[in-house]
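Single-structure report; data block below.
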């Protein structure tokens, strides 16, 4: 199989990247700091916990290792399209996505500690025209549990979600729609976890705090992602800036399930439900935020795989623009909460540790 890549004009590409370099430098530095802050604790937490529980780490490695297990997946997916004199049209494109998925669990007697991170970043380039971001994910979670009775444990869960860099209203790459910590989601929950097997668990928390962070002041002034927007006087002069944090308190339910469908196909799915007890608008207190992710992995061999990823999301505080075609033109008619859907199917390299 032969791939014919389009020849890129070096001067145009150099100009393209110089244009973005200044704006992207600080974002990259922030992203690198967060990456190190998220990943390094994942690999150090378990040995430290082992020391705290009086396990001998270097000398009696076998005794220590039997209390914990972890799994690290590194993946790289890519695709390429080239058109030449193609009658029905099409754009030359090269895309790629890199990801890291880490899970670890330490369990000794009645105490267990779990840690996980999901990192992903993807780009697609359309010849000499422009480059767009296709994926951007920065997530980590920590939980500490103490056995209550049978398959139930008292559990504390802390999670953080955001993205590495800015996203734009493509093809307009000057209008920012989201950024690092805009939004950022931090949640802390106390509750009970039911785990009858390693494949299935349900976490129920009647006391869960959720904090939505919007550090980009331009987005905060617009009231993006549910924060209080800026106020203006009758002449249009800003009186107060938009808030940067939205605090919520409510119930959180998280369900996870995974199984091997065949020797070469495995499925994992997780659904997270959140309801805010204290919404200032009482009519919104029964609105439930939903996030449902499903991964189906088709293993070709030890290093090659095809992955189908489905992501459904509904957040009443996230306003989605709504358009209509009027006289042949796309016209904005309003905005409001909508069901968000994302799907990707990729082929690439995968390495497990």
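Values quoted throughout were computed directly from the atomic coordinates according to the rules given, and no laboratory measurement underlies them. Predicted, not measured: the structure shown is a model, and the values here were computed from it. Reconstructed Cβ throughout: ideal geometry from the backbone, glycine too, with neighbour counts over all protein chains shown.
For the reader, a short list of remarks on this structure follows.
- Per-pair calculated FRET efficiency, R0 = 56 Å: residue 327 and residue 192 via Cβ, rounded to 0.05: 0.45
- Label point at residue 78 placed 7 Å out along Cα→Cβ; residues across region 313-353 whose backbone nitrogen lies under 13 Å: 347-350
- Between residue 353 and residue 295, full extension at 0.36 nm per residue minus the direct alpha carbon distance yields a gain of 19.0 nm.
- Counting other Cβ atoms within 10 Å as a rough exposure proxy, the listed residues 77, 146 run 146, 77 from fewest neighbours to most.
- Region 170-271 shape via C-alpha gyration tensor axes, a/c threshold 1.5: oblate
- Start at zero, step by 10 Å, and the Cα-Cα distances of region 95-134 spread as 24, 27, 20, 15, 10, 4 percent across the bins.
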